[in-house]
Each structure stands twice: as C-alpha cells, then as structure tokens.
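Contents: one structure, followed by commentary.
The values are calculated or read from the model by the stated rules, or taken from the named source; none is laboratory data. Worth saying up front: this structure is predicted, and the values here are computed from it rather than measured. Neighbour counts are summed over all protein chains in view; Cβ atoms, including those assigned to glycine, are modelled from backbone coordinates with ideal geometry. Ligands, DNA and RNA are excluded from the accessible area calculation, which covers all protein heavy atoms including side chains. Shrake-Rupley method; radii C 1.70, N 1.55, O 1.52, S 1.80 Å.
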Amino acid sequence: MPLLPRQTAIGLLFALVASTALSAAPCNIRDFGAKGGQFPGDQKAIQAAIDACAQGGGGEVLVPAGDYRAGKLVLKSNVTLKLEAGATIWSTDRIEDFDAHPRPREHGFLLVADGQENISVTGEGTLEGAGSGELGRRDVDEDRSPMPAHRFGMIRFAHCRNVHLRDFTIRFSEAHTVIFDQCEDVSVAGVSILNNFVRTNTDGIDPISCRNVMISNCHIVCGDDCICPKTEEGRPLENLVVDNCILESVAGAVKLGTDSSGTFRDIKVSNCVIRNSGVGIGMFIKDGGLVERASFSHLSIETTRPGVRINAQLRKTIIPIYIDLTKRRPSSPLSRIRDVSFSDIQIESDNGILIQGLPQRPIENLTLRNISFRVVAATDFSARVEREGGNSTYRDENYTRFVRQPTYIALAHVDGLVVEDVRVLIDPPVFQRFDRSALALFESSNAVIRDVQRLPVGVSDGQAVLSLNNCREILVTGCLVLPGTPVFLRLAGKRTAAIAVTGSGPTLPVTQDPQVPGDALKRL
C-alpha cells in the first residue's frame with residue numbers, strides 16, 4: 001500500500017480525532033457538581049467539565065436548564081460550551097471570582113481563552129451580566145452613579161483560531177461584551193447582545209487586529225459601540241463581514257477605531273438595520289493606520305431620536321455617517337483612508353453626514369451612491385462638534401468648522417469623489433426653520449456629482465441645493481432642476497477652478513461669490 005503524502009495523512013488524522021471527540025458523550029456540568037440555583041460552587045464545576053472535555057480530546061460541555069453563577073471560566077481547544085434553552089450563566093461581580101492579579105484587558109471576563117483553536121459557544125441559553133443599571137449616558141444632574149471599582153465583560157478570546165459563537169443571548173454586560181484580540185477565522189451568527197442602552201463602555205463586539213471575521217444575523221443593543229473593529233500595535237484587521245444585523249447604540253452602530261495604528265482592509269457591511277444610534281457608520285482614524293477597500297451597502301440608518309434623554313455631549317455629536325481622518329495627539333503619524341463606498345442607504349435623521357480628511361492627507365476615492373436622506377425634525381447645528389473618542393488630546397479646525405455648515409451632507413478634503421443619485425427630503429416645517437443645502441463640498445478635487453436633489457427646492461437668497469467651496473476639477477451632470485429652484489449650484493472660494501456643468505440644461509441656476517475667479521465655471 002503506497003504511503004499517503006504527509007499533509008494528507010495529517011489531515012486525515014485530524015479529522016479522525018475530531019470525529020472521535022464529537023462522537024463522545026457530552027460532559028454535563030451537573031455530573032461535575034453544578035447544582036443550579038446560583039450555587040457558589042457552580043464555577044468550579046463548570047470549569048472541571050471544560051477541563052475534562054479538553055483532556056478527553058474535546059467535544060461538548062452541556063449546560064442544562066437552570067441558573068448558574070460563575071466568574072472567570074477558561075475555554076480550551078476543541079471544546080464547545082452548549083447553553084441549552086433555559087440555561088443561564090450569571091456573571092458574578094466579585095473580584096475574587098476573577099484573576100487576583102489580572103493581565104491588562106483580561107481582567108473581568110466571564111469566558112476567556114488564549115491561544116486556543118476550534119472553540120465554540122452555542123445553544124439557546126443566556127449569559128447574564130451584572131450591568132443592568134444606567135451609567136454615564138444621561139444628563140449629569142440625572143445620572144450620579146459612581147464608576148464601579150471593577151468592571152466585568154462577558155467574552156474575551158485572544159490569539160485563537162476557528163472560533164464560533166452561535167444562537168445564544170448575552171444580557172446586561174457590565175463592560176465590553178465580546179472581544180476578539182488577534183484571532184483568526186471567527187464566526188458570530190444569530191447571537192443577541194442586549195445591554196443597557198445608557199450604560200457607558202458596554203461595547204457589543206470588538207474585533208481587534210483580527211483576520212477573517214463574519215458577524216451575521218445578530219441583534220445588538222449597547223450603551224457604547226455595537227460593532228467596533230480596532231487595530232493595535234500596528235497589526236492589521238482584515239476580511240471583516242457584517243451582514244443582516246439589527247443594531248442600536250447610544251454611541252456608534254458600526255465604528256472603525258479609535259485604536260487605529262494598523263491597516264483596516266476589506267471591510268464589508270451590508271443588509272443591516274441601524275436604529276436610534278448616535279453614529280450609524282463611523283471611522284475614527286487617528287493613529288497612523290490605513291483604511292482601504294471598505295464598503296457599506298443596503299443599510300437603513302435612523303439616528304438617536306429627539307425624545308431620547310441623553311447627555312448634551314452625545315446630543316451635539318449625532319452624525320448618521322461619520323468619517324474623521326485626524327490625529328490623536330499632535331505627534332501622531334498621519335493616517336490614510338482610501339477606496340471607501342456607501343451605496344443603497346436610507347437615512348432618517350435631524351443631523352447631517354460629515355466626512356472629512358485633512359488638507360495634507362485628503363480622503364482618496366470616495367463613493368456615495370443611491371442615498372435617500374429624510375429630515376423629519378429640526379436641530380440647530382450651531383453647537384455641533386465632531387465626535388472624538390479615544391482620549392484624544394489634539395483638536396484642529398475640523399472640530400467645529402465643517403460639522404456646523406448649513407448642509408445635510410458635508411464633505412471636506414476629498415480627492416477622487418463620485419456622488420450619484422442623492423436625495424435629501426426635508427419636512428417643510430424643518431426647512432422653514434433651517435434653510436440648508438443637500439450637499440456641500442469643501443476644498444476637494446477630482447469629483448463627479450450626478451443627480452443630486454433636495455426638497456423643498458429653496459427660497460430666494462437661501463442655500464443652494466449644491467455648494468462647492470474652494471474646489472477644483474468637478475463635473476456636475478445629470479441633475480434635475482425642479483421648477484421653482486432659485487439657486488441649484490453655488491460656487492465659493494478664491495481657489496475654485498475647473499467646474500464643469502453638463503447634462504442639466506443651460507438654465508441650471510448658478511451663483512458665484514465675488515471671490516470666485518470669473519473663468520471657474522464652464523457649461524458644456
């Protein structure tokens with residue numbers, strides 16, 4: 001009999017071991033002394049079942065219906081923790097149930113693993129945290145709760161491979177809920193994370209410098225960011241897919257950063273419903289990293305509702321789509337954002353989109369296509385500021401300059417832009433209070449703007465539908481000028497040049513500020 005190639009033999013051996021492990025009887029935690037009723041000894045019993053399962057080659061650790069209380073539980077390779085329907089593991093809030101001398105960021109998590117592979121948490125049961133109360137998101141005079149001395153999250157897996165979370169529920173995490181740190185081949189499917197909406201620092205899922213992460217069919221409600229990819233120590237985050245999720249956050253629904261020293265590459269977010277969120281899609285890129293090949297499509301975004309009681313800082317930083325290329329501190333290296341697209345998106349908000357690069361580092365190759373933006377409430381922009389996060393110590397002129405402009409889509413410092421089929425629909429009572437443009441472009445170049453509309457059409461001496469400020473090499477084409485539009489295009493700034501209008505008819509109403517060069521506009 002001929003010998004098998006070495007790789008084939010190893011693969012067959014691994015399959016045989018995995019098959020044998022999975023065919024073994026589950027390790028029921030009741031057989032290891034777990035009693036339920038939040039018995040103090042449940043933590044040791046659950047850990048003993050996990051250890052025995054791992055020592056036997058792996059398999060399933062069964063958590064039957066009942067209430068169990070535990071601190072830190074260490075999951076190990078080839079082990080699946082299965083939470084049956086009606087099973088709840090309650091996280092303690094006692095420091096002695098976790099590490100006495102914890103390493104940074106491992107402290108205070110219910111389920112942990114480091115350097116493991118083929119690990120899973122599945123089933124229809126629940127992980128219950130200790131953070132049911134409010135913390136830090138209401139007005140100061142309403143929320144006087146002290147910050148806890150110790151905070152406890154739910155899952156932290158580091159340096160792990162082939163990780164699966166499926167079908168269970170997490171409720172009321174006291175701090176960050178799920179962290180994947182430098183993991184590879186991660187799947188989160190059908191998981192519900194239901195935290196207190198106004199409890200600070202209760203992120204949903206944070207992939208940090210990971211590769212091949214799929215988050216799908218999840219329902220996440222958080223008092224901080226729902227899904228928050230980060231890069232640390234210059235390590236990249238690559239191949240992240242978020243699909244078919246429902247997200248609600250007092251902070252950001254999907255937020256890249258603020259930790260951003262490495263590359264974010266191949267990020268795909270699609271088919272999601274984002275509701276009642278401070279920021280729908282955000283990029284906070286501060287630490288010298290690169291974002292490239294990121295797409296956001298088929299989304300419904302509703303920002304924080306006017307009647308929701310939140311503190312003033314959150315209220316004045318509501319932004320449905322937000323990209324901020326900036327620095328964390330003056331000495332931080334310049335970051336870069338390129339090849340980013342937003343398409344097939346419906347927005348309802350009382351606040352505007354803000355996308356801003358830097359004069360010395362513009363955003364490169366940005367696309368906005370098929371965006372419908374409905375404005376149903378009136379908000380004064382004069383107090384708005386950019387959303388910071390991440391303990392930033394550096395503020396430039398962008399902190400207030402563009403976020404307060406009288407427009408619902410503010411784009412600044414962009415090189416290479418496509419805007420196509422954008423409609424801003426403003427309720428008439430809102431427009432009577434705040435006359436704003438549909439889109440304003442600042443200090444940008446190399447753009448094609450096609451089919452931009454605004455309703456109402458505007459008033460004499462009011463804001464144009466489209467405004468270009470110190471821009472050059474811009475083509476405006478295929479725009480429908482609705483009857484009664486007093487001004488469709490406004491040009492401003494002495495550096496404005498090479499603006500071409502075509503496909504919109506010779507009667508497209510244009511106004512030029514006095515400082516604009518006389519030859520800046522050409523009708524083709």
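Values computed for the structure shown
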quantity	calculated
Looking only at region 129-142, and only at residues there that are over 22 Å from the mean Cα position of the chain (by Cα) and surrounded by 18 or more Cβ atoms within 10 Å (Cβ to Cβ), the one that is modelled with the highest pLDDT	GLY129
Residues within region 23-39 that are among the aliphatic types (A, V, I, L, M) and part of a helix (DSSP H, G or I), tallied	1
Out of ASN196, ASN212, sole residue that is surrounded by 22 or more Cβ atoms within 10 Å (Cβ to Cβ) and out of contact with any helix residue (DSSP H, G or I) (no Cβ under 9 Å at 6 or more places or on another chain)	ASN196
Selection count where residues are modelled with pLDDT under 95 and in a strand (DSSP E or B), scope region 473-509	1
The lone exception for ARG235 - which of (1) more than 13 Å from the chain's Cα centre (by Cα); (2) part of a loop (DSSP other than H, G, I, E, B); (3) crowded, with 19+ Cβ neighbours inside 10 Å it fails	(3)
Which numbered condition ASN391 fails, given (1) closer than 20 Å to SER341 by Cα; (2) modelled with pLDDT under 95	(1)
Tally, over region 239-263, of residues that are under 19 Å from SER297 (Cβ atoms) and either out of contact with any His (no Cβ under 8 Å at 6 or more places or on another chain) or open to solvent by less than 20 Å² (accessible area, probe 1.4 Å) (or both)	13
Pairs with Cβ under 9 Å, 6+ apart, first in region 39-60 and in contact (Cβ under 8 Å) with a residue 12 or more places away in the chain, second of a type in the set (D, E, K, R) and open to solvent by less than 40 Å² (accessible area, probe 1.4 Å)	GLN43/ASP97
Residue match in region 20-29 (condition: at pLDDT 95 or above and under 24 Å from ALA130 (Cβ atoms))	yes
Identity of the residue in region 298-319, within 21 Å of GLU397 (Cα to Cα) and not hydrophobic (A, V, I, L, M, F, W, C), that ends up surrounded by the fewest Cβ atoms within 10 Å (Cβ to Cβ)	GLN313
Region 458-472, subset within 23 Å of ARG433 (Cα to Cα) and in a loop (DSSP other than H, G, I, E, B), residue nearest to the chain's Cα centre (by Cα)	VAL465
Strands (runs of 3 or more DSSP E) contained entirely in region 360-457, each with at least 1 residues that are among the basic types (Lys, Arg), more than 19 Å from ARG315 (Cα to Cα) and open to solvent by less than 50 Å² (accessible area, probe 1.4 Å)	445-455
Breaking point among (1) open to solvent by less than 80 Å² (accessible area, probe 1.4 Å); (2) under 21 Å from VAL198 (Cα atoms); (3) modelled with pLDDT of 80 or more, for GLY125	(2)
Pairs, first under 17 Å from ARG265 (Cβ atoms) in region 210-239, second at pLDDT below 95 and polar (S, T, N, Q), C-beta under 7 Å, six or more apart	none
Per-region count, region 458-496, residues within 19 Å of GLN515 (Cα to Cα) and open to solvent by 50 Å² or more (accessible area, probe 1.4 Å)	7
Strands (runs of 3 or more DSSP E) contained entirely in region 148-192, each with at least 1 residues that are touching a residue at least 12 places away in the same chain (Cβ under 8 Å) and open to solvent by 50 Å² or more (accessible area, probe 1.4 Å)	161-166, 169-171, 184-189
Unique match (being closer than 20 Å to ARG450 by Cα, open to solvent by 70 Å² or more (accessible area, probe 1.4 Å) and touching a residue at least 12 places away in the same chain (Cβ under 8 Å)) among THR511, THR507	THR507
Positions within region 44-60 being more than 13 Å from LYS76 (Cα to Cα) and either touching a Ser or Thr at 6+ places or on another chain (Cβ under 8 Å) or open to solvent by 40 Å² or more (accessible area, probe 1.4 Å) (or both), in sequence order	LYS44
Residues of region 61-102 that turn out to be surrounded by 20 or more Cβ atoms within 10 Å (Cβ to Cβ) and on the phi > 0 side of the Ramachandran plot, as a count	2
Filter pass, ILE323 being within 19 Å of ILE347 (Cβ to Cβ), at pLDDT 95 or above and not aromatic (Phe, Trp, Tyr)	yes
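Yes/no matrix, rows are residues, columns are (1) closer than 18 Å to ILE227 by Cα; (2) touching a residue at least 60 places away in the same chain (Cβ under 8 Å):
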position: SER300; (1), (2): yes, no
position: SER332; (1), (2): no, yes
position: ASP339; (1), (2): no, no
position: PHE342; (1), (2): yes, yes
position: GLY352; (1), (2): no, yes
position: ILE355; (1), (2): no, no
position: PHE381; (1), (2): no, no
